[in-house]
Amino acid sequence: MTFHYLLRKYKLIDDYFAEHFPQLEKQSAKEYRVLARLSKITEELGELTSAIHGDLNLHREGKQKKHQHSEVIKEWADVFNTVILLGIVLKIDIPNAIDSRLEEIMDRYNLKNQNTAEKNIGESK
């Protein structure tokens, strides 16, 4: 799965919203669309925080039973998805933005000459 493949899926989701909620496509509503995405990120981040608290056994006993590591994975993906959808609304060239920022970070920490061959996250070196 490539990032461009994922972006095509996100674009389909964004197009779905545009088709089913045409009121959000008016110029006066574009600001609303951005703010709605920001609110959604806040909501999803709160759910991720709660799932992580549960995964770390930091919830009170009655709430603890609802959370497992699988919830952390699900909520993390929801945050990621929502951030990407905000990027689409803001008309950001997402791959370029991510790549250029990663290059800046790698340069900052002198990692430019490190092996960046693709491997799965968590895979041993």
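Only the coordinates and a few stated rules stand behind these numbers; no lab work does. Owing to the predicted nature of the structure, the values given are computational and were not obtained by experimental measurement. Neighbour counts run over all protein chains shown; Cβ positions are idealised from the backbone, glycine included.
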TODO: Holding the Cα-Cα limit at 24 Å, pick out from Lys30/Lys74; Lys91/Lys112; Lys9/Lys30; Lys74/Lys112; Lys40/Lys91 the pairs that are longer than that.
DONE: Lys30/Lys74; Lys91/Lys112; Lys74/Lys112
Open item on the list: For a test of the definition: using alpha carbon positions, the gyration tensor, and the 1.5 limit on a/c, classify the range 3-108 as rounded, prolate or oblate.
Closed with: oblate
Task: Leading residue at positive end of dipole, the range 3-108 (Cβ point charges), from Val89, Phe21, Leu58 - done: Phe21
Task: Computed FRET value (nearest 0.05) for Glu31 with Asn57, which takes r as the C-beta separation and R₀ as 41 Å - done: 0.50
Open item on the list: How much length would be gained if the chain were fully extended between Lys11 and Lys112, taking 0.36 nm per residue of separation minus their Cα-Cα distance, in nm to one decimal?
Closed with: 33.2 nm
- [ ] Work from the charge dipole of the range 3-108 (Cβ charges, +1 for Lys and Arg, -1 for Asp and Glu, about the Cα centre) and give the residue of Tyr10, Gln68, Ser100 farthest towards its positive end.
- [x] Gln68
